[in-house]
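Just below is one structure, and these are the notes that go with it.
All of the numbers you see were taken from the coordinates with simple rules; none came from a lab. This is a predicted model, so every value here is computed, not measured. Note: ideal-geometry Cβ built from the backbone for every residue, glycine included; neighbour counts use all protein chains shown.
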Amino acid sequence: MTPVSTPSGPPRRHRRALVVTLIAAIALVYIVVVALYAINDRFASIEGCTDEPPSDAILLSFTPESVDAVADRLVANLSVLSFGPIATGNTGLLTDPLTVLVSDTDGPRSFTIAADEIPSPQSIRLITSGYVERWPFDSHSVDVAFVSLQTVDGEPTPIPTLLCGSAHVPGWNFASQEVAGTEEVVIDGEPVTQLRITATRSVATVAFGIVILILMAVLPVLGLTVAIVAYRGLRRVEPTLMSWMAAMLFATIPLRTFLPGSPPIGSWVDYLVVLWVVAGLVLSLVIYVKAWLKWSPPGGRAAADAGAVPVGVAVAASPDAAHGARHSDAPAADAAGGD
């Protein structure tokens with residue numbers, strides 16, 4: 001008697017190790033994304049307004065509110081914290097109007113604070129430069145100059161101005177540095193030093209987007225695996241799996257729109273990931289249809305055209321054939337009775 005062979009131990013251990021490795025990888029990715037999100041607030045700030053207001057300069061506060069990467073705009077609030085040398089001793093307000101100029105804004109580039117007026121925050125839209133098509137590795141920067149002018153004896157006189165601020169915009173990090181001025185804003189024949197403000201996407205946002213792209217890339221791998229295995233005849237063809245493949249195809253667009261920051265159509269992710277995900281899913285659906293045509297049993301009409309009797313269909317005998325059969329059986333019955 002031939003003994004029945006049983007599955008060997010190593011393949012089973014290899015499968016178990018693969019499952020454990022996948023679970024560990026998923027847990028590691030989860031921990032990394034959560035950790036990046038937790039530490040994101042530590043980097044979401046520029047110079048803070050923590051020092052005492054200077055007595056020899058006007059102190060302005062700059063607070064970014066939102067970033068419109070598609071339109072290349074940075075929305076921020078600008079407010080006056082201290083008037084410095086031009087403030088009155090009793091109230092700390094102005095005795096003469098003050099005009100604040102802001103370069104590279106989309107809209108009014110100056111606002112005036114009247115005498116004895118408590119200044120209110122001003123909303124400004126700065127024109128940034130960047131390439132949103134490079135999402136999520138895009139950055140948007142603007143070089144902006146702040147100038148404070150007060151009219152003295154009919155002549156506009158520049159007042160030294162300092163800037164501080166903080167930023168907390170979800171999904172974005174900000175950095176600032178002083179750069180040389182341009183001929184756009186000149187005082188006493190010298191270009192005014194500008195402040196370069198740069199907005200980049202946070203590390204947590206980048207990690208989130210990469211995870212979504214990896215999940216999208218897994219879909220065509222699963223679809224092609226099922227389709228190729230079925231086409232080779234290694235697994236039974238189930239027609240209902242075609243609806244599963246079509247569902248994965250239609251799920252690609254919601255996953256694409258779920259990317260943080262909503263990169264516009266035509267970004268590099270569309271050419272390098274999304275397009276090939278759709279192509280892979282369509283190819284898997286085509287292969288599975290061919291497998292269905294190759295391995296599925298023929299229908300009733302196809303079987304009839306091939307000359308086969310369809311399963312479950314009885315052949316009806318004609319009356320003459322039945323009558324002849326009865327007559328042919330009669331002699332046999334008589335002979336049996338004679339015996």
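For region 77-155, what does the alpha-carbon gyration tensor say about shape, rounded, prolate or oblate, given a ≥ b ≥ c as the root eigenvalues, a/c under 1.5 as rounded, and a/b over b/c as prolate?
Prolate shape, in that a/c is at least 1.5 and a/b is the bigger ratio.
Are there any chymotrypsin sites (Phe, Trp or Tyr not before Pro) in region 111-169 that are in a DSSP loop and have at most 15 other Cβ atoms within 10 Å? List them by number. The partial results should precede the final answer.
Numbers: sites: PHE111, TYR131, PHE137, PHE146; in loops: TYR131, PHE137.
The qualifying sites are TYR131, PHE137.
Suppose every K and R has +1 on its Cβ and every D and E has -1 on its Cβ; what is the size of the dipole of region 59-212 about the Cα centre, in Debye to the nearest 20?
Here the size comes out at about 660 debye.
Would you work out the relative contact order for region 155-227, in percent, from Cα pairs under 8 angstrom that are 6 or more residues apart?
Relative contact order for region 155-227 comes out at 26 percent.
Starting from region 103-154, pick out the trypsin sites (Lys or Arg not before Pro) whose DSSP state is loop and whose Cβ has at most 15 other Cβ atoms within 10 Å.
ARG109
Residue by residue through region 52-57, which ³J(HN,Hα) values in whole Hz follow from phi under the Karplus form 6.51 cos²θ - 1.76 cosθ + 1.60 (θ = phi - 60°), with glycine and proline marked x?
Rounded to whole hertz, the list is 5, x, x, 8, 10, 7.
Which of the GluC sites (Glu not before Pro) found in region 113-180 are in a DSSP loop and have at most 13 neighbouring Cβ atoms, other than their own, within 10 Å?
Within region 113-180, the qualifying GluC sites (Glu not before Pro) (loop, at most 13 other Cβ atoms within 10 Å) are GLU117.
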